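Working notes, structure below.
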Amino acid sequence: MTRTYTLQDGGKITATCAADFVTKLRESSRFDSECTDQEYMYHFADRFHDQTGNVIRADSPEHFLEDLSTYGYVSVK
């Protein structure tokens, strides 16, 4: 099943699962597009924590996406 995710900045990502979402988010990143998905999640989580004080789990794409949704960085349509 394909879902469209709307990012806080208004960008959109269409993905089939959490892992696909992370890959597409990483590929569109101006910071860490050349990292692995796992490295990207850790780097993103660190930046997110520095900016917001909120902790994003980076142990799996599912937890990562769930936490991004919880903190309003992404919404699912």
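The values are calculated or read from the model by the stated rules, or taken from the named source; none is laboratory data. Since the structure is predicted, the reported quantities are computational estimates derived from the model, not experimental observations. Methodologically, a virtual Cβ is constructed for each residue, glycine included, from the backbone with ideal geometry; neighbour enumeration extends over all protein chains shown. In case anyone asks, the SASA skips ligands and DNA or RNA and just uses the protein heavy atoms, side chains included. Shrake-Rupley method; radii C 1.70, N 1.55, O 1.52, S 1.80 Å.
For the stretch 47-64, the set of residues classified as assigned to a loop (DSSP other than H, G, I, E, B) and touching a residue at least 40 places away in the same chain (Cβ under 8 Å) consists of Ser60 only. Within the stretch 1-28, residues that are open to solvent by less than 40 Å² (accessible area, probe 1.4 Å) have Cβ atoms under 6 Å from residues that are in a strand (DSSP E or B) and small (Gly, Ala, Ser) in these pairs: Thr6/Ser75; Phe21/Ala15, counting only partners at least 6 apart in sequence or on another chain. Looking at this structure, is Phe31 aromatic (Phe, Trp, Tyr) and surrounded by 14 or more Cβ atoms within 10 Å (Cβ to Cβ)? No; evaluated as a whole, the condition is false for this residue. Can you tell me which residue is nearest to the chain's Cα centre (by Cα) among those in the stretch 15-46 that are of a type in the set (Asp, Glu) and assigned to a loop (DSSP other than H, G, I, E, B)? Ranking the candidates gives Asp32 first. Look through the stretch 17-57, keep the residues that are more than 21 Å from Arg3 (Cα to Cα) and of a type in the set (Gly, Ala, Ser), and return whichever of them is modelled with the lowest pLDDT. This residue is Ser33.
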